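Chemist: The structure that follows is given in the form of structure tokens.
Quick note: the coordinates plus some simple rules give every number you see, no bench work behind them. All of these numbers come straight from a predicted model, not from anything done at the bench. Glycine gets a Cβ as well: all are built from the backbone with ideal geometry, and neighbour counts include every protein chain shown.
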Amino acid sequence: MEMFGEGSRKLQDRYNARKVADLVVGATTVSNFDDDKFGYREFIEESSYFFLATSSGENTDCSYKGGPKGFIKITGPNTLVYPDYDGNRMYKSLGNIIENPNVGMLFVRFENEEGKRYLRVRINGVATLHDEHPMLGEFPGAKRLIEINTKHIYLNCGRYIPEMTLVEESAHLPKEGKEQPVPAWKMKPGIREALEGSD
């Protein structure tokens with residue numbers, strides 16, 4: 001998988017930016033998590049959210065994925081897994097993945113945590129949906145796992161991203177031994193009945 005598509009290269013040439021683009025990639029990209037000179041692995045494994053881009057044909061989707069801190073696990077030099085939790089049953093991201101497994105992930109740290117530098121990391125890779133997986137039991141509340149085979153791991157420029165403070169984590173985060181509150185939308189007439197028996 002090439003880092004730049006044909007359109008990116010055309011614009012780099014139009015605006016005399018190809019050399020800069022290649023230098024930036026060379027200075028910020030790691031080939032795998034074992035060759036991680038920037039601390040991407042620790043940052044990703046501490047993350048409690050990321051943004052996922054998927055597409056299939058004319059359908060595109062960008063989705064927020066959240067969970068307890070550590071819900072993303074790096075399982076190999078070029079692989080990571082994350083759980084799919086209870087959702088709205090539209091399966092937009094997962095539906096796109098089974099049609100087109102190429103995905104983009106964006107990890108952002110908005111909080112200025114003491115002793116930790118700002119990081120924004122992008123991952124491009126190929127996703128696989130697993131209804132059954134040996135690690136499924138390690139993720140309380142997980143319905144299934146998504147495994148990503150990484151193709152590009154690189155820094156994202158953070159100059160326009162604001163600093164923000166986490167006030168409170170979601171009460172809906174799955175945790176061992178803790179029952180999640182039922183979201184209000186599930187109690188709406190029609191939806192409540194339709195949800196019976198769905199997963």
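Chemist: Nearest 10 degrees, 0 to 90: what angle lies between the long axis of helix 18-28 and the longest principal axis of the chain (Cα atoms)?
Modeler: It is inclined by approximately 60 degrees.
Chemist: Also, quick follow-up: Highest GNM mean-square fluctuation, the chain, Cα pairs closer than 10 Å: which of Val20, Val167, Val126?
Modeler: Val167
Chemist: So which aspartates and glutamates pass the test for Lys188, namely a Cα distance under 16 Å, with those fewer than 8 places away in the same chain ruled out?
Modeler: Counting by Cα, and skipping residues close in sequence, Lys188 has these aspartates and glutamates nearby: Glu196.
Chemist: Running a GNM on the chain with Cα contacts under 10 Å, which residue among Gly70, Gly141, Gly57 ends up with the highest mean-square fluctuation?
Modeler: Of the options given, Gly57 has the highest mean-square fluctuation.
Chemist: Also: How far apart, in nanometres, would the label points at Glu163 and His130 be if each is projected 7 angstrom from Cα along the Cα-to-Cβ direction?
Modeler: 3.9 nm
Chemist: If I model a spin label at Met1 and Asn156 as a point 7 Å from the Cα along the Cα→Cβ vector, what separation in nanometres do I get?
Modeler: The two pseudo-label positions are separated by 1.5 nm.
Chemist: Taking the chain, how much of its Cα-Cα pair set, in percent, is spaced more than 25 angstrom apart?
Modeler: Looking at the chain, the distances longer than 25 Å represent 44 percent of pairs.
Chemist: Hey, another quick one. Please compare each pair in Lys92/Lys178; Lys73/Lys175; Lys92/Lys175 to a cut-off of 22 Å on the Cα-Cα distance and tell me which ones are over it.
Modeler: Over 22 Å Cα-Cα: Lys92/Lys178; Lys92/Lys175.
Chemist: Sticking with this structure for a sec: Can you tell me which of Gly26, Gly87, Gly177 moves the most in a GNM of the chain? Springs connect C-alpha atoms under 10 Å apart.
Modeler: Answer for the Gaussian network model of the chain: Gly177.
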